[in-house]
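In what follows, a single structure is set out as structure tokens and then discussed.
The values are calculated or read from the model by the stated rules, or taken from the named source; none is laboratory data. Everything numeric in this text was worked out from a predicted model, so none of it was measured. Neighbour counts run over all protein chains shown; Cβ positions are idealised from the backbone, glycine included.
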Amino acid sequence: MIDELVNQINGRFSELEGQMSDPGVIADRERYAEVGREYRHLQPAHELAKEYLTLKDDLEGARELMEENGDDPEIMRVLAETPERLEELAEAIRLAMVESDPNDDRNVIVEIRAGTGGDEAALFAAVLFKMLTRYAERLGYGIEVLSQSPAEVGGFKEVTFAIKGDGAYSVFKYEGGTHRVQRVPKTESQGRIHTSTATVAVLPEVEDVDVELNENDLQIDVYRSSGPGGQSVNTTDSAVRITHEPTGIQVSMQDEKSQRQNREKAMRVLRARIYERALEEQRAEIAADRRSQVGSGGRSEKIRTYNYPQGRVTDHRVKVTVHNLDEVIGGHLDELTDALEAEEKRSRLSAQAGGGGD
């Protein structure tokens, strides 16, 4: 079975290499980009397949030599170590070939909201904002703040921003859910640890063609922008609230001075939320009896705990704990993302095997 898969990978990779240098493909920009994407996607599996075939040949050669020179230590080592490595490679190849999430290449819209914990939750929302934007910057993604609602003590009641770049959703989709912090607030005189939360929603950003919105389904209200404490910060009705009546989803924007700009931003977020809701319904149907939370984007479950006194971060979905809290909140999430990505691939592989590739 694995040999057949390896042959398929090598055959397809050779085809793609040929197409990448085909003048007809090069002349067609869209086709060339499509071939390039598939080539890059298949490259890791191809490297694993090459190593698999090399080791397989080494093992067969060692078995033949064993009959002539059975006490050679190098032959004994190859015979002892290679079968286990071939098994590891076979598993890695299967995982590399798991069908990816069709939204992985998209930009994302991230919404962070202070949860339970009052002022401390708002301050924690700001920590998460800084953590995710620093992570995005480290990976070379662009960031665009769409709206923010600052809390009077500092931090955010909520903040919405876009992360732009190839594959942004594939990286940030694992951040969706409830994040919990355990720490001693600056205002706490007794030194007691408080627990507070903030929720993160990660939505793939979609184009007009992906989500068709009927203007008749939209209720659009305009009003005057207001700042902290409710005071008016604008003398014109530039703030916009759009309600999608069939779903009840509502988006408000007031950060821009122009009503048109606020409306455009609100429509971007509205489309993303409607698309995400449709995805969640689809996932619920497909995975009714599959309990994996990885990659579900569910907002209710507690996905991660940041414990300041002990300097540790625990991701509850993959039961991974790291002891470098300062680095994590400074934007170094790679270890957690890698563990979550591996778990999602294992889960998808299991679902494909158990569901006949549904």
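Identify, from the list E99, E74, the residue that is closer than 29 Å to R346 by Cα and exposed (fewer than 13 other Cβ atoms within 10 Å of the Cβ).
Only one candidate passes the filter, namely E99.
Could you please find all residues in region 101-141 being in a loop (DSSP other than H, G, I, E, B), under 30 Å from E47 (Cα atoms) and out of contact with any helix residue (DSSP H, G or I) (no Cβ under 8 Å at 6 or more places or on another chain)?
Listed by number, the residues that qualify are P102, G140.
Go through Y275, Y306 for me and flag whichever is aromatic (F, W, Y), surrounded by 15 or more Cβ atoms within 10 Å (Cβ to Cβ), at pLDDT 90 or above and in the same structural domain as L218 (by TED's automatic domain parsing).
After applying the criteria, what remains is Y306.
Among the listed residues R317, R299, which satisfies the condition of being touching a strand residue (DSSP E or B) at 6+ places or on another chain (Cβ under 9 Å), at pLDDT 90 or above, within 25 Å of A342 (Cα to Cα) and assigned to a loop (DSSP other than H, G, I, E, B)?
R317
Would you say V98 is of a type in the set (A, V, I, L, M) and not in a helix (DSSP H, G or I)?
yes
For R12, state whether it is in a helix (DSSP H, G or I), under 27 Å from the mean Cα position of the chain (by Cα) and basic (K, R).
Against the criterion (in a helix (DSSP H, G or I), under 27 Å from the mean Cα position of the chain (by Cα) and basic (K, R)), R12 does not qualify.
I need the full set of residues from region 250-266 which are surrounded by 16 or more Cβ atoms within 10 Å (Cβ to Cβ) and modelled with pLDDT under 85, in order please.
D255, E256
Could you check how many residues of region 149-199 are assigned to a loop (DSSP other than H, G, I, E, B) and either more than 18 Å from the chain's Cα centre (by Cα) or farther than 21 Å from A114 by Cβ (or both)?
Number satisfying all stated conditions: 18.
Contact list please: Cβ distance under 7 Å, first residue in region 162-181 and within 12 Å of Y135 (Cβ to Cβ), second residue part of a helix (DSSP H, G or I) and among the small types (G, A, S), pairs at least six apart or on different chains.
Note: pairs meeting the criteria are I163/A136.
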